[in-house]
Each structure stands twice: as structure tokens, then as C-alpha cells.
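The values are calculated or read from the model by the stated rules, or taken from the named source; none is laboratory data. Owing to the predicted nature of the structure, the values given are computational and were not obtained by experimental measurement. Cβ coordinates were reconstructed from backbone atoms using ideal geometry, including for glycine residues, and neighbour counts include every protein chain displayed.
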Amino acid sequence: MGNEAHTPDAAASVDFEQVQSTGQFQELRRRHRSFVFPMAVAFLLWYFAYVLLADYAVDFMSTKVWGNINVGLILGLLQFVSTFAITGWYVHYSNRKLDPIATEIRNEIEGHEFDKDGHRVGGANK
Amino acid sequence: MIAIPAAVDVAALKDTTLLNMGIFGLFVAVTMVIVFRASRNNKTAADYYAAGRSFTGSQNGTAIAGDYLSAASFLGITGAIAINGYDGFMYSIGFLVAWLVALLLVAELLRNTGKFTMADVLSFRLKQRPVRIAAAISTLAVCFFYLLAQMAGAGSLISLLLGISDWGGQALVIIVVGALMIMYVLIGGMKGTTWVQIIKAMLLIAGAAVMTLWVLAIYGFNLSALLGGAVETANNPAVLNPGLQYGKTETSKLDFMSLGLALVLGTAALPHVLMRFYTVPTAKEARKSVVWSIWLIGLFYLFTLVLGYGAAALVGADTIKSAPGGVNAAAPLLAFHLGGPLLLGFISAVAFATILAVVAGLTITAAASFAHDIYANVIAKGKADAATEVRVARRTVVVIGILAILGGIFANGQNVAFLVALAFAVAASANLPTIIYSLFWRKFTTQGAVWSMYGGLASAILLIVFSPVVSGAKTSMIPGANFALFPLSNPGIVSIPLAFLLGWLGTTLDKRREDPAKQAEMEVRSLTGIGAEKAVDH
């Protein structure tokens, strides 16, 4: 059926509820959510603040700062800067805090999957 | 520093039609050869839809950038800034910031749980049939709106190159473009399309970089002087301030909010972008590809700021509006102004390849969705073999191509970025709530998903049909009629919250509970990548 991709793979017979309840997995989930949720709220608030300013505070946004460059343009360019910064920050965070623990869990599960003859089952996502 | 009188530009352009077309044709031929070469090993369904999961993160990231930097970004945003000034810049910002939603909340988790299509993920722990059908229908709808925009862009571009300004001629152009595109997809599949995207993304960014430096050089690398030039040509200092297009009334201000919402929430729900995450072997590569594409896309949107104001200063809004292709002609006209027929030919060819490749990507997504989700899983109940599925996909390509051509003929003349924003609104309404809920909300149920997807999709489409986009205004698709009951041209501000609400309501009122084992499996898979980490061996 729909997820036939997953039937022949190494994880077919894993008790996922058991894995889900382990402290290790709970820690992975906590680390993931405690980063992405606040960050998502923060950048969305900053983005909508910008949109609201451009929409309803035209005079403020039109204030000239340097030559013809006004506040609106600077705030707009700062949206670019913050996007690049958050991207870099997230990559740094996942490389250090998420990937090692995810790999550990994966190896633990996939490492124990053998068929009756003792051969390692799959791993390939056919 | 003073712009050449506008009339000279367009008239001179007609004299060089042959040269424009020659350079253009050469480029199209080269990409065609690449597609043929790349498609030699298209054997399995994984090859056809997901390019055998053989691409690296940076390759895929470039391809995503290629998919994303469509005609909307290049022709549409440049035109919007050239004519509406600062308000056009909003597209660049929204389109870019939206990638953070994809990066943080969706890309990797999705890569770890799915196989080919968005429906694979959405139906993972819910009831297969209803969710899969709903996801496939919304995929088809989003792809259709996105295709409309690309077709309209192609019509504008070729009309400008050939100097065709009558409706019938432009319609013919759209038909030819559509036919070419069908060939691309039928022959190339995902691998061919991905290679075209990669090459074209690099050429597009390089071409835009050259034009940006050129424009900046004219103004002594002084952004302030460039902006001054735009003010001078437009004879209106307001081009630098927000509100030129959207600041007129309270309704139009609301429309701006609606646009902003749709732009930032749409990207992570675009089926053809989501599908690209499946062409890489691991979640880590999926992350790399998003990072790579954020850099490329961000860089490109900085260029569009210069190009848009450059076109405003050097070509002038009035010339752009009166040229064949209208607002979408700003970038090609700027190219012609700077580098004559050679640069125009190159830039147009790149823009055309952009459209062709994006259209191909969209069509493949739609075809995969129909063949894989509706045909293989619902009609044939999982008993169809891979060869039949690919055959169905190829037939779907033809049907979708024809529909897109017809739609494109009607959408011709609208700003491409604006049309794409409609596709974003439909995607954010129909798909995003269900994607977010099913990844992060344990209690989410089938009823919630179905309500949210159909509710979001139907409200977004109905609001567009009854908006000034379709009728009731001079710029409408059907200018003669007036059934515009909804005042905003982008439905996002209503339909997106509604879809989130429906997803919550449907779940809360659902007496059925979903299988907790499936939920556990999805969560563990999505965060750890079990079973999805290794590529198909060749």
C-alpha cells in the first residue's frame, strides 16, 4: 500500500512505541522542538512586524537615513540578514545537538535487525 | 545616466528579432540534448519521480533554487519593483523568509517519512484513501495555478522577443511552449528535469549577477544614486516608499497583509518543492540542499532589487507597461538596454529555460501525484506494477499540459509574481496545516486532515474565483463580467487561518482515534531517519 517504501527496510519489525518512549528519543524530540518552535515564532513575528510597518507605518518606513536609502529598505535588507543568520544557526545546532543522537538511535535499531539466517536485513530503501 | 528615449528600445528590439531567436534557439537545443543524455537510465519509478535519490545536497539545492527562481522571481519581481517600487520588494522578502518554514519545520522530517509525494507523508498515520485523495487533489490544484503563471510568463517573454502584441499570436506562442514542455517531461523524467534546473539556475544567477553589476556600475556602485535615478525617471519619490500599489485604501492594505501571509507560508507547502527533498539520499543532504538554496535564492533576490529599480531608472515604467509582455517585460527590456540583442537573447533564453524547467518540474509532480496516489493506490488499490504507473504518469503529463496551456492563454498579461502568489495561497491553505499537524500534533486525525485540506482548498479557490483577479476590474481575466464578491486579490488571510481552524475542529470533533503505533512510527522515523537513510544502489 501507500508506504510500501518502508516494508522491506531495516525498521520493518521495530517496536516504534517502545523506541518513542525511551529517554534518548524523548531527549532528541525535546532538543528538536525547543529549537525550531521558538525560532519559528521569532522569525514569523519579526516578518509580520515588518509587513505591518510597511502597510500601516508608511511615514516611518519612508524616513530617509542615508541619501535615498530609507528605513523601509534597511528593514527589508535586515530580513535577508536574519534569514541567513537563522539558517546558519540551525545548521550549527543540528550538527552538534541533533545529528549525533539521531544517528545513535538509528544505529541501535538498524544494527539489531537480522533475518533468520543472521544476515543483516536491508537498509536500502528500494 | 539619462535613459535612452523609451520608444527607441522597443523599436530597435524588433530589428533584432532574428538574432534574439537564434541565440535563444541554440540554448533550448543544448538543454534538450542534456535531457536526452540524462534520461538514458530512467527505469524504475524511483528513477522517474525521484531521480533514483542520487543527487547530492548541493546539486539538489541548486535544482531547488532553479525550481523556485521561476519566471515569477525573475520576470515578475523585477517587473513589480520597476512599476510599483517598494511594494514589489515585498515579494522578494516573503519568498525568501518562507524558506525558514521549510528548513526548520518541514524539509528533513518530510524526507525521512515519505517516498515520492506529499501524500505519502500526510497519509502515513491516517486513513490511506481519503487523505491520499485529498492530498493528490490539492497537489493538482496548486500545480495548476503555478503552471498558469509560468505559461503567462512564457507568453509575455516570447511575445516580446518576436514583437507579437495581438492576443491570437500570443495564444499560439503559449501553445508551442506547452508542447515543448510536454516533450521535455515525457523524455526526461525527474533526472533530466533536475539537470536542466541545475544548469539553468546557474545561468540565471550568473546572468542576473552580470546585469546587477552593470546597473550598479552605471551609477558608480552607489545604491542611493540608483534609487535617485528611479525617482527621477518615474518623476515620483514614492517609488522608494511602501504603499504605492497597496497603500491606497484600507482594503488594499489588507490585501498586502494577505499577500505577505501567503508568501511566507506557501513555500513549505508547494508539492513540487517538497518532492525535490526526495531526490537526495539522506535527511542531512535534504538539510544541506535547503541551506544551499536559501543562499542562492537570497543572493538572487538581492539582485532583483537592483534590477527592478534599474529597469525603473533606465527603461522607465511607462515603456515597460506599453511593451509586448507588459509588466513581465521589465527584465528583458533592461537587458536589451544594457547589452543589446546579445544580452537580451541570452537573458530571454535563460528565462525561457527557467519557465520550461519549472513547468516540467510542476508537471512531473502533478503526474506523480495522480499516478502514484490516485491511480496506483486508490484505483488499482496498490496492485499496479511500476511500469503501468509510469505509463499513467506519462499520460497525465499530456492532460495537465493541455489544461495549463488553456489556462495560460487566459492568464496572459497578468504579473507572473502575482499569479504565483495565488498558487502559494492555495498551497498554504490546502497543505500546510495538515503537514504541520501531522508532523507535530499527536492527536491529529483523519477527519481533521480531510476537513482542513478540502476546506482550505475550496475556500482559497472560491475566494479567487470571486475576487477582482477574475472579474470586476480592468485587469481581470474576464474584464467584461463582474461577480467579484470578495474584495481582496489574494485569499490567504481568510483561507489559511480557516484551514488551520478546520484541522483543529475536525480533530477535536472526531470520535475515532488514530493508531498510536503509527504515530510513534512516524515520529521516530521523521526525527531519526530510520529506514530512509540510504540511497538506492546502482
Test: residue in the stretch B:240-252 that is surrounded by fewer than 19 Cβ atoms within 10 Å (Cβ to Cβ), part of a helix (DSSP H, G or I), at the interface with chain A (Cβ under 9 Å from one of its Cβ atoms) and among the hydrophobic types (A, V, I, L, M, F, W, C): no
Complete set of residues in the stretch B:286-308 that are more than 10 Å from every other protein chain (Cβ to nearest Cβ) and out of contact with any Ser or Thr (no Cβ under 8 Å at 6 or more places or on another chain): B:Ala286
Residues that are surrounded by fewer than 24 Cβ atoms within 10 Å (Cβ to Cβ), within 22 Å of A:Ser82 (Cα to Cα) and more than 16 Å from the chain's Cα centre (by Cα), drawn from the stretch B:268-301: B:Lys288, B:Val291, B:Trp292, B:Trp295, B:Leu299
Residue within the stretch B:144-166 that is free of Cβ contacts under 8 Å to residues at least 12 places away in the same chain and assigned to a helix (DSSP H, G or I) present: no
Any hit, the stretch B:180-196, residues being surrounded by fewer than 22 Cβ atoms within 10 Å (Cβ to Cβ) and within 29 Å of B:Gly339 (Cα to Cα): yes
Complete set of residues in the stretch B:370-413 that are among the basic types (Lys, Arg) and away from every other protein chain (no Cβ under 13 Å): B:Arg391, B:Arg394, B:Arg395
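Residue-by-condition table, conditions (1) among the charged types (D, E, K, R); (2) modelled with pLDDT under 95:
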position: A:Leu45; (1), (2): no, no
position: A:Leu53; (1), (2): no, yes
position: A:Ala57; (1), (2): no, yes
position: A:Asn68; (1), (2): no, yes
position: A:Leu73; (1), (2): no, yes
position: A:Leu78; (1), (2): no, no
position: A:Thr83; (1), (2): no, no
position: A:Ile86; (1), (2): no, no
position: A:Glu104; (1), (2): yes, yes
Members of the stretch B:117-160 that are hydroxyl-bearing (Ser, Thr, Tyr) and more than 18 Å from the chain's Cα centre (by Cα): B:Ser123, B:Ser159
Residue list for the stretch B:523-536, restricted to those being outside any loop (DSSP other than H, G, I, E, B) and surrounded by fewer than 24 Cβ atoms within 10 Å (Cβ to Cβ): B:Glu523, B:Lys534
Close pairs from the stretch B:482-497: first touching a residue at least 60 places away in the same chain (Cβ under 8 Å), partner part of a loop (DSSP other than H, G, I, E, B) and among the hydrophobic types (A, V, I, L, M, F, W, C), Cβ under 9 Å, at least 6 apart: B:Ser489/B:Val469; B:Ser489/B:Ala473; B:Asn490/B:Val469; B:Val494/B:Phe486; B:Val494/B:Leu488
Sole exception among (1) in contact (Cβ under 8 Å) with a residue 40 or more places away in the chain; (2) among the β-branched types (Val, Ile, Thr); (3) under 28 Å from A:Ser34 (Cα atoms) for B:Thr475, by number: (3)
Test: residue in the stretch A:12-22 that is hydrophobic (A, V, I, L, M, F, W, C), surrounded by fewer than 16 Cβ atoms within 10 Å (Cβ to Cβ) and at pLDDT below 95: yes
Hits in the stretch B:11-25 - residues which are assigned to a helix (DSSP H, G or I) and modelled with pLDDT of 70 or more: B:Thr17, B:Leu18, B:Leu19, B:Asn20, B:Met21, B:Gly22, B:Ile23, B:Phe24, B:Gly25
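Give me the residue from the stretch A:58-77 that is free of Cβ contacts under 8 Å to residues at least 12 places away in the same chain and within 33 Å of the chain's Cα centre (by Cα) and, out of that set, surrounded by the most Cβ atoms within 10 Å (Cβ to Cβ).
So the residue we want is A:Leu73.
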Single unsatisfied condition, B:Ala428 versus (1) within 16 Å of the chain's Cα centre (by Cα); (2) over 29 Å from B:Lys511 (Cα atoms): (2)
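The rows are residues; the columns are (1) modelled with pLDDT under 90; (2) out of contact with any Leu (no Cβ under 8 Å at 6 or more places or on another chain).
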site: B:Ala51; (1), (2): yes, yes
site: B:Ala71; (1), (2): yes, no
site: B:Ile77; (1), (2): no, yes
site: B:Leu96; (1), (2): no, yes
Residue check, B:Gly220 more than 23 Å from the chain's Cα centre (by Cα) and in contact (Cβ under 8 Å) with a residue 60 or more places away in the chain: no
Flag if A:Asn3 is within 7 Å of chain B (Cβ to nearest Cβ), closer than 30 Å to B:Lys248 by Cβ and modelled with pLDDT under 95: no
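Considering the stretch B:481-512 alone, what residues qualify as being assigned to a helix (DSSP H, G or I) and aliphatic (A, V, I, L, M)?
If the condition is that a residue be assigned to a helix (DSSP H, G or I) and aliphatic (A, V, I, L, M), then B:Ile493, B:Val494, B:Ile496, B:Leu498, B:Ala499, B:Leu501, B:Leu502, B:Leu505, B:Leu509 are the ones that fit.
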Residue tally, condition in a helix (DSSP H, G or I), farther than 12 Å from B:Gly298 by Cα and not charged (D, E, K, R), over the stretch B:92-115: 11
Residue match in the stretch A:31-40 (condition: facing chain B (nearest Cβ under 9 Å), farther than 21 Å from B:Gly529 by Cβ, among the β-branched types (Val, Ile, Thr) and not in a loop (DSSP other than H, G, I, E, B)): no
Residue check, B:Gly61 within 12 Å of chain A (Cβ to nearest Cβ), crowded, with 24+ Cβ neighbours inside 10 Å and farther than 28 Å from B:Ala349 by Cβ: no
Residue satisfying condition, being among the β-branched types (Val, Ile, Thr) and at pLDDT below 90, within set B:Val264, B:Val215, B:Val210, B:Val273: B:Val273
In the stretch A:82-98, residue nearest to A:Val41 (Cα to Cα) [restricted to those that are more than 7 Å from chain B (Cβ to nearest Cβ) and surrounded by 15 or more Cβ atoms within 10 Å (Cβ to Cβ)]: A:Ser82
